[in-house]
Amino acid sequence: MPSPVTRPRAVVCLSGGMDSCVCTALAARDHDVYAVHFSYGQRTQSRELRSAQAIAQAVGVKELMVLSMELFRRIGGSALTDTSIAVPAAPAQEAQIGTEIPVTYVPFRNAHFLSAAVSWAEVLGAKQVYLGAVEQDSSGYPDCRPAYYDAFNALIREGTREGDIRVETPLIHLRKSEIVRLGVELGAPFHVSWSCYSGETEACGVCDSCVLRLRAFREAGAVDPIPYRSRSDGTGKA
């Protein structure tokens, strides 16, 4: 019998959201995927974990590591981790989303996530760490810009044993609608993903993340399969 084909390993940061869902499916085309999910005190922590677990199972992830980080809840300063700060509704004009850094920004969050993912990649012998960061059609977070990942890759080159691990952000230049189309092409399990900043049974339909996601499905000519309390894509309540 021929020996089984050995595929390279990759680590994927899997939040359970739409973008990380597509990013995981994309990485799984050419790699054995080892996913890491971060529970960091976010409002929808338990719902996001269930989505990450379901995506990992659907895509065929080899291992899902769940890491808890308490520092973000203790630090506060973000509507995602501090219950004294309300999650705002998206601006009435969708074009205004991303024009300034919103209160849902978690200070320097992705650096902590990537540090853990790169450490695991070193142990696994993985050369790629995938993250579903998106600059276009985003909430305007500073840690979702290409320059941020260029700088982080320079840090990896200097601060790891071989210096040959690289953070890959294959979605960063895509519009959200293009990400939906790519996900449909890949068979990404959108139906188990979750993007809402506040709802856990039904997505609220009014936060930045919900509005951007609904618009992406609408522009892609598809219907978002997750349940919403209210939705702006013309399909009514899910």
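Read the figures in this text as sums done on the coordinates, not as results from a lab. Because the structure is a prediction, the values reported are computed rather than measured. Cβ coordinates were reconstructed from backbone atoms using ideal geometry, including for glycine residues, and neighbour counts include every protein chain displayed.
Observations, loosely collected:
- What the Cβ-Cβ distance of E185 and A86 gives, at R0 = 30 Å and to the nearest 0.05, is a FRET efficiency of 0.20.
- The range 99-121 versus the range 31-77: alpha-carbon centroid distance in Å: 13
- Of T169, T83, T24, the one that fluctuates the most in a GNM where the chain has Cα springs shorter than 10 Å: T83
- Full-extension gain in nm, S68 to L155, via 0.36 nm per residue minus C-alpha separation: 28.9 nm
- Based on Cα contacts under 8 Å between residues 6+ apart, the range 9-219 shows a relative contact order of 27 percent.
- Within the listed set Y130, Y148, Y105, the residue fluctuating most in the Gaussian network model of the chain (springs between alpha-carbon atoms under 10 angstrom) is Y148.
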